[in-house]
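Take a look at the structure set out below.
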Amino acid sequence: MLTWIFFRAVNTKQAVAYFSEISSTYLLTLPPPNKSTTLTTLLFIGIFTIFEWLGRDNEYAIEKTGETL
């Protein structure tokens, strides 16, 4: 699939530039931490952990959501 970059690019220099952007480490860096984002993430982790704990005896964790346990 990556060879299509050479066919779609205007010239070889542009194709090499695409490859360098694809393989750059910028895509793997994390954004700076934000207080609200961190709290939201921890909240969701807590909610999902509770669902998993309550549904641990079922095949799927939310299989019987809304039913009496």
Worksheet item: Taking the Cα atoms only, what angle lies between the long axis of helix 35-54 and the longest principal axis of the chain, rounded to 10 degrees?
Response: 50 degrees
Worksheet item: Of (1) 13.1; (2) 13.5; (3) 16.7, which one was derived for Kirkwood radius over Cα pairs in Å from the structure shown?
Response: (3)
Practice prompt. Describe numerically, in nm with one decimal, the distance between label points set 7 Å from Cα along Cα→Cβ at Thr38 and at Thr25.
Written response: 2.4 nm
Worksheet item: With axes computed from alpha carbons, what is the tilt in degrees of helix 12-22 against the longest principal axis of the chain, rounded to the nearest 10 within 0 to 90?
Response: 20 degrees
Worksheet item: What does the helix-only formula give at 222 nm for the chain: each DSSP H stretch with n ≥ 4 adding -39500 (n - 2.57), the total divided by the residues, and the result rounded to the nearest 500 deg cm²/dmol?
Response: -16000 deg cm²/dmol
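Read-outs throughout are calculated quantities, based only on the coordinates presented, and are distinct from any laboratory measurement. Everything quoted here is computed from the prediction, not taken from an experiment. Don't worry about glycine lacking a Cβ; one is built from the backbone with ideal geometry, like all the others, and counts go over all protein chains shown.
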